[in-house]
Each structure stands twice: as structure tokens, then as C-alpha cells.
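Take a look at the structure below.
The values are calculated or read from the model by the stated rules, or taken from the named source; none is laboratory data. These numbers come from a predicted model, not from an experiment. With ideal geometry, Cβ positions are generated from the backbone for all residues, glycine too; neighbour counts draw on all protein chains shown. We work out accessible area using only protein heavy atoms, side chains counted, and drop any ligands, DNA or RNA first. Shrake-Rupley method; radii C 1.70, N 1.55, O 1.52, S 1.80 Å.
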Amino acid sequence: MALETVGGVVLDKVIGELIKPIVDGGKKQAAFGDILQRVKSIIKLIGPTVRQIKKLSAELDRPKEESENLIQLFDEGEKLIQKCSKLNWWMPNRWKYANKLTAFYESLLRFFQFHMPLQQFMTNMEILAHLQSQFRSGTGGVSGQMGYLGSGGSRVSGEIGYLDPLQMPLTPLIFMVGLDVPLKEVKKRLFKDDTSVIVVSAPGGCGKTTLVQKLCQDPDVKEKFKDNIFYVTVSKVHNLKLIVRKLFEHNGFRVPEFQTDEDAINQLEQLLKSQARKAPILLILDDVWKEPEFPLQKFAFKIPEYKILVTSRYEFPSFGSTYKLELLNDKDAMKLFRHSAFLTDGDFMPDEDFDEELVNEIVKRCGGFPLALQVIGGSLCGQPVEIWKSILMELSKGQSIFDSAGKRVLDCLQLSLTSLDGEQKECFMDLGSFPEDQKIPVTTLIDMWAELYKLDKNGVQAISNLHKLSLQNLLKLVVTRKDASEVDGYYDEAFVLQHDLLRDLAIHQSSQEPMERLILDLSGNKLPEWWTEEKQPCFKARLLSISTDQMFSSSWCNMQVPEVEVLILNFQATENYTFPKFMKQMDNLKVLIVTNYGSSAAELINFSVLGSLSRLKRIRLEQVSIPTLCDTMVELKNVEKISLVMCKINQAFNSCAIQISNMLPNLMEININYCNDLVGLPEELCDLVHLKKLSISNCHKLSALPGGIGRLENLEVLRLHACTKLLGLPDSIGGLHKLTVLDITGCLRMAKLPKQMGKLCSLRKLYMRRCSGLRELPPSIMDLKQLKKVICDTETAELWEEHHFTNLKITIPEETIDLNWL
């Protein structure tokens, strides 16, 4: 199990520290010439790539909008440099241009974070490496211990991480043991001329993926293969065309249309042959399974200096030589366990009176399996000695963990659940409802658990449960924007990652419990026997999860699931996806989660079926195209929250006049994130009188809000995060008398605030970082008597300080732009 990635530089903290000298320029009076030189350096570095993208875009009938945005940003940067280069040192307006340079520099970095999938760039790592080298030359290096963390935590330990732009898990390393010798051996084999294929084999949870990630960061490996490291996670359920597509995308190549699996393989071979002229090629196929059989031989191309590295729980003797990754020796096993159980560096016992023999026996029973040691250790952390003894008694039953390794590790991990309370255990089992090797959005879990377990709808209790599960190493809680926690109740940048063994444990545990959840994986069009029966069985589950891929025939059976409250539909599609007709009979359905893991937005068919769901409260749609609402006119009278992520929605909202208030009369919350086709919102949106939260983030074509937004008399939170083309707020905003939180962070082109700002009589918090276009504040802000906190940058703080508030706290957080998120 793994998230895909290759190569990369250690960027956690680096980007934030890199930009810090510029962001703090106002405070430290940094030299204008230094800022200008930095921007020139970046423009010069990305220039060849942008010109290549320009050329490619000219050849396309429909160039990618991200490419257009980058080209526009690049052109603006060149013009700005030309203007700044003509300024003399004595000119009084130099400080204004220094601010513009700073704003542009920030915009460029945020572009890589928010706008552009980095695989679009052929030299992205050169850019990031250059940024890192700039930082190091300016400060002398990166402080702190840094490294790479496996997706499941094998042989490593840590709680919260950050994701790498090239999709492989890149995180600050907290702890790692037992990989130095394996790394040297695999590297030695990789560099042998007579070895073309290496299979790293070991049971699940032994650190195969972590080893390969560490290998990819080795300086000698990066020097030899350069940009020709191709990495993809295969997983148990695989789609050959999708795997080849990922290999193309991963290294920034234009993806052709594949007619068949054979065509995909042929085109991959041609790509690798063309790249082999530049440097040797390393193809990494991570997490390969035998059943269903993966066609490894198809990747054995006859290319000079072409190497294949496979990780698997199995051996493939007919394909290549096998390196068996051994379990941890006694010393390393003890070190990892002590770190997880006592939160030390693993070299000593923190409590001399603690029964060391008890620790030794537990470690011995875990048999050197890194994942088992980490999870069991985490579950015992802080527990009384009686719990330790109870776990040892359970571990002592039956055979050694070495026998039937997979089952015994699962049995071992199962003991870690004994320390969970009932609610936490249910939350853990729910994680099995999502596909292997995919990020699980925290906001999705908040929606599910608010209805299933009556947790608070703002997510505080859900986050608490996730942290407890993370502390026991049962999941990884990943935050993709480190400053996201500054904004109250904002969890759009938080995700859960889970090792596939822990996912197996969640599914296994669900099958042992009363039928609370039904998890169906129909990938490969493998249907259960009852699927085609005329009389369908009746399932009493409260949660139903159905996963399909491109091979699914779309022929739904008439399932009987009258008790289901949460429906999760996971699929891979590029054109369309049909809602099952049996949804009409789901009278108790409260939460609908639809996620497309394909390569582009799929149009939803049979959308009108939602009109039959009278108790539906929460809808979350990801990477789908919503049909024109005029054609469907579904009434969702009890829906309280709608979340749209990476969806095509502009046509649905703006193609015709629709009475949204009639369709969604009780809507209280709208979240729109990364919907790059959204240009504007319909005026009818302002008739949703019950709306309390409106969040629009990373929608980079949105230029204006509806003029009548002031009619949303119950709105409490308005979030407009990173809407980079938003020019301003309507004057009618003064009518939002209940608004307590306003977030305009990253609205770069907003030049001023409306004159009616002072009428926001309940406003308590205002987030306005990175509003580089803002030059003045309206006089009416002195009427904001309830305003307690403003979070902004140095230049904006100066605007506020010109007005003399008595009880206002102005906060200037450190800039922490982070590229490690994709």
C-alpha cells in the first residue's frame, strides 16, 4: 500500500522559511534589490518550462486552464520585473513595487499549491530544488530532523504529516529503524549491470514502500536516474490503462487516449524509449498482487539501462530476482516499540520501575513486524500495567506471529482495538468504507459521524476521535495546509491515510460485528452471488459503501437496504456515472457521498433520483459534472449541507434561471472547493434565507459574488479562501448582521473593502492574509464594535493600526506556504 511518488526534496518547513525573508521584508526593511533578484531567479528558472507549456497549449484545441493560469502569472511576472528594473534607488515608490514583488512571489508559490497539479510540469523538481537551495544558501540549512514516512507507518513513527507534490508520501520523519542495511543491499543490486528486475518481497506491514521511498531519495539513485524515475502504486484492484495514465501524469507528460490495455502498454514503451536517451530509467511498481494477476511481463521492455523495482507480498521468480525484506531484529524491534509506547527515542526505558520483562515479552510476541510493534505500542501508551498484561496474555495465545503471517498480524493488530471506546471503534471500522490507497477527507467523516453517532456538526468531536486513533497509530492524520488550523472549523485541507493492513482490519472487524455496515467492492465487475437473484436479500446495515471501476457494467440490482443512513459511492469513470435506481427506496438515507477517483469529472446520470430521498441532509460530490438543474428540478427539502469538490458546476448554476430556494428550502451550509469552472454564483442563491455558512475556496475563476448577498440574513460564516480573481465584495454585504467570521485570505485582486463593512455588527473574526491588492480600509470599519481579531500580513496590519481600536487583536502569523500537499 502506498501513495504514489518519486523523488523530491525535503520541503516541510523549507518553503515557509524560504519565503519568510521576503514576507518579513516590511518588518525587517529587506533590500528591494534582494527581493527583485529572487523573483528574477525564479522567473528565469521556470521560463523554459512555461514556454514549453505555451507551445503545447497552442497545439491543443482545449488547453488546460491550469496551464493558462500559469502562463498568465508568468507574463505578469516578466512585466513586473521590467518595471522594477527601471526604478532608481531614490524613487519614493520603490516600497510599493517591493510589495508587488512580494505578492507575486507568494502567488507563484501558491500556484503550485492550489492551482496546478505538479505533474503537469516536466521540471517541477528542479524548481523546488532551486527554492530549497536558495533557502539553504540564505540561512545555512534546515533545522530539525527531516525524512520520509511510509503511508502505513512501517518502520517509522509519527502522527501528522504533509503530502508531497508528486503524490508520494513525503513527511517530516519522526522515527525510523532497520532500513539502513536493506537500503544498501537493494541499491547495490539496482546498480548491477546484469540485474534488470528486483522484487522486494515481505508480508504486509514490513516497510516495503518505506524502503522504496527512501531509495528514491538516495543521492546516488537520483544522480543516476535523474528525472527518469517512474512510480505508480498498483494495489490489489488494478486497472492497466489507469496505471499507465498515472505513469504519464506522474512525470508531467501529456496523456494520450488509450484504446485498449495493449495500446496503453505500447504507448508507455514508446515514452520510456524516448526518455532513455536522456538517462537510465527506473520503473517502480509498488504493492503488486498475485490475485488478481498483474501482467508484470508486459512491462519488461527491451530498453538499455532500464530497471524495474517491484514491491509485493509475493515473489515472482519467473520475473526477476527477489530481495526478501527481513523482519526487525530484536534491537530494532525494541527501539521502535519503546518509541511508540513511551514516546522516547527508543534507546532506554523512561521508567526504571516499569516491568522490563513485560515489555520484552510483548515485543517478542510481535515477532519483529514493524506495523504490529508500532500499533500495539501506541495502543499501550499511557495505559496501566494491567492492560499491558492483558495484551500479553492475548498475544501468548495460539501460534507464533510468524505462522500464517497475514492472519497473525491482523490478529495482533486487532488487540490494539481493545483500548478504544465504542464510538472510537465504530469510527475506525467506518474507514474501511473507502478505497485502498486513497486519501479520506476529514470533512467526509464529519458528515458521516454527525448523523451515525450524533457527533457535533462542526467536527470537534470527530477531530478528537481521529486524533485518538492517530495517537494509537491506527491512521495518519495529514494536513495539507499547515495554517489551516488558524481558521475556525476549517477542515477542508485535512485527510486521513491508512495502511492497507489496517484497512483490512477495519473491514474484518466490521464483518465480526452486528451488521452495521455493508462494504461492497465490485471492482473488476466481480459481483456477489445474490446480485443477480430475482429476490434480493434485505440488509439491515446503517452504512452502505459500494466501490466500482471502469469495468462495472452499470447494471444495478434492486438492493433492499431500507435502514441505510449513509451511502458511499466510490467509482472510477471519465464520462458518466449512473445513480442506482434502488436509491429511491432508501427512505432513511441522510448522508450521500459520491467520489470519482477517475482522471476527469464524470457526468451524473439519473440525478433526479435524489428527489425521492425525503430525509437526505448532507450531500458531498467530488470530481463529477452536475447536470443543468433546469432539466432535473429535484426538490431536496431537508438537505442542510452541500459540498462540491473539483466538480463542474458552472453550467448547473448559471445556464438558466432556477429557484434554488424552492429546490433547497432548508439549506444551511454550502462548501465549494477547487471548482475551477465556477465564474459566478446565481442571484437566486441569495434567497436561501436559512443559510448559515458559505465557503468558496480555491475557485480561481470566480470574479464576483451576487449583488444581493446581503439578503442572507442568517449567514454566520463567509469564507472566500484563495479566490484569486475575486475583485471585491458587494456593497450589500452590510446586510449580513449575523456574520461572525469573514475569511478573504488569498483574494489577491481585491483592491478594497466595501463602504458598508461597518454594518457587520456581529463580526468577531476577520481573516485577510495575502490580500496583496488591498490598499485602504473604509472609514466605516470603526463601527465594527464586536470585532476582536484580525489575522493579516504586515502591510495590512499597518492599515489597521492607522485606526485606533481599543480591544482589537491584530495577529501576523508566520507565513507557512507548503507545497507538500498533492
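Scan the range 289-341 for residues that are assigned to a strand (DSSP E or B) and either over 24 Å from Ala279 (Cα atoms) or open to solvent by 30 Å² or more (accessible area, probe 1.4 Å) (or both) and report the count.
Of the residues in the range 289-341, 5 are assigned to a strand (DSSP E or B) and either over 24 Å from Ala279 (Cα atoms) or open to solvent by 30 Å² or more (accessible area, probe 1.4 Å) (or both).
What are the residues in the range 243-264 that are surrounded by 19 or more Cβ atoms within 10 Å (Cβ to Cβ) and among the hydrophobic types (A, V, I, L, M, F, W, C), if any? Within the range 243-264, Ile243, Val244, Leu247, Phe248, Phe258, Ala264 meet the criteria.
For the range 498-508, what are the residues that are touching a Leu at 6+ places or on another chain (Cβ under 7 Å) and either modelled with pLDDT under 85 or not basic (Lys, Arg) (or both)?
Gln498, His499, Leu501, Leu502, Asp504, Leu505, Ala506, His508
Pairs linking a residue in the range 562-590 that is over 19 Å from Leu636 (Cα atoms) and at pLDDT below 90 to a residue that is acidic (Asp, Glu) and open to solvent by less than 40 Å² (accessible area, probe 1.4 Å), with Cβ atoms under 7 Å and 6 or more positions apart or on different chains, are Gln572/Asp549.
Residues of the range 487-497 include at least one that is within 23 Å of Pro203 (Cβ to Cβ), out of contact with any helix residue (DSSP H, G or I) (no Cβ under 6 Å at 6 or more places or on another chain) and modelled with pLDDT of 85 or more. Looking only at residues of the range 210-230 that are touching a Lys or Arg at 6+ places or on another chain (Cβ under 9 Å) and outside any helix (DSSP H, G or I), we find that the one that is farthest from Gly252 (Cα to Cα) is Asp218. Reported count of residues in the range 543-559, each being in contact with a strand residue (DSSP E or B) (Cβ under 7 Å, 6 or more places away or on another chain) and open to solvent by 60 Å² or more (accessible area, probe 1.4 Å), is 1. All of (1) under 25 Å from the mean Cα position of the chain (by Cα); (2) among the charged types (D, E, K, R); (3) within 20 Å of Asp437 (Cα to Cα) hold for Asp227 with one exception: (3). Going by what's in this entry, would Leu240 be described as free of Cβ contacts under 8 Å to residues at least 40 places away in the same chain and surrounded by fewer than 22 Cβ atoms within 10 Å (Cβ to Cβ)? Considered against the rule, which asks whether it is free of Cβ contacts under 8 Å to residues at least 40 places away in the same chain and surrounded by fewer than 22 Cβ atoms within 10 Å (Cβ to Cβ), Leu240 comes out as no. With a requirement of 2 or more residues that are open to solvent by 10 Å² or more (accessible area, probe 1.4 Å), the strands (runs of 3 or more DSSP E) lying completely within the range 662-758 that satisfy it span 669-673, 717-719. Taken over the range 615-636, residues that are modelled with pLDDT of 90 or more, more than 20 Å from Tyr491 (Cα to Cα) and assigned to a loop (DSSP other than H, G, I, E, B) amount to 2.
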